[in-house]
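Report on the structure given below.
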Amino acid sequence: MKFTFTDSAIAEIQKRYDLKDISLFYAVGEDCGCPSTGIFMLKAHDAGMAEYDAVIETNIGPVPAQKWALVFLDSDNVVDFNATKHAFQLKSERGFLNMNLLLEQTVAQ
């Protein structure tokens, strides 16, 4: 599986966080709890969380992820930043996987 961040996504992330602090999290919908109702999001400062049991090799370095959620990705995945919409977007050869990929910081408890 290929996972790439575009130059515009990298620049936008670097305005907020260090690239080494980014992880890919799959949030499951609360209504039914079905994995297929979830969405991917980017998180900062939560790489040590127990949910992360996989690492995706990317052009920004290793990105922690949940192994079970990787089945929802495709063979060629790209995180881009759409400046017009002020939104990160996750795309693949199938099209958009998430047109508004959130970037959130995890707050230590």
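If you go through segment 56-71 one residue at a time, how many are of a type outside the set (A, V, I, L, M) and free of Cβ contacts under 8 Å to residues at least 24 places away in the same chain?
The qualifying residues number 2.
Answer yes if at least one residue in segment 55-78 is in a helix (DSSP H, G or I), more than 17 Å from A11 (Cβ to Cβ) and of a type in the set (K, R), and no otherwise.
Yes, segment 55-78 contains at least one residue that is in a helix (DSSP H, G or I), more than 17 Å from A11 (Cβ to Cβ) and of a type in the set (K, R).
With respect to D53, is the statement that it is open to solvent by 30 Å² or more (accessible area, probe 1.4 Å) and touching a residue at least 24 places away in the same chain (Cβ under 8 Å) true?
In short, no.
Looking at K85, K91, K15, K67, which is the one that is surrounded by 14 or more Cβ atoms within 10 Å (Cβ to Cβ) and of a type in the set (K, R)?
Residue meeting the stated conditions: K91.
From the set of residues in segment 10-44 that are in a loop (DSSP other than H, G, I, E, B) and at pLDDT 90 or above, which is farthest from the chain's Cα centre (by Cα)?
Residue satisfying both the conditions and the ranking: K15.
Given the criteria of a type in the set (S, T, Y), within 19 Å of E104 (Cβ to Cβ) and either in a strand (DSSP E or B) or modelled with pLDDT under 95 (or both), does T4 qualify?
no
The values are calculated or read from the model by the stated rules, or taken from the named source; none is laboratory data. All of these numbers come straight from a predicted model, not from anything done at the bench. All Cβ positions, glycine included, derive from the backbone under ideal geometry; neighbour counts span all protein chains shown. Ligands, DNA and RNA are stripped out before the accessible areas are found, and what is left, the full protein with its side chains, is counted by its heavy atoms. Shrake-Rupley method; radii C 1.70, N 1.55, O 1.52, S 1.80 Å.
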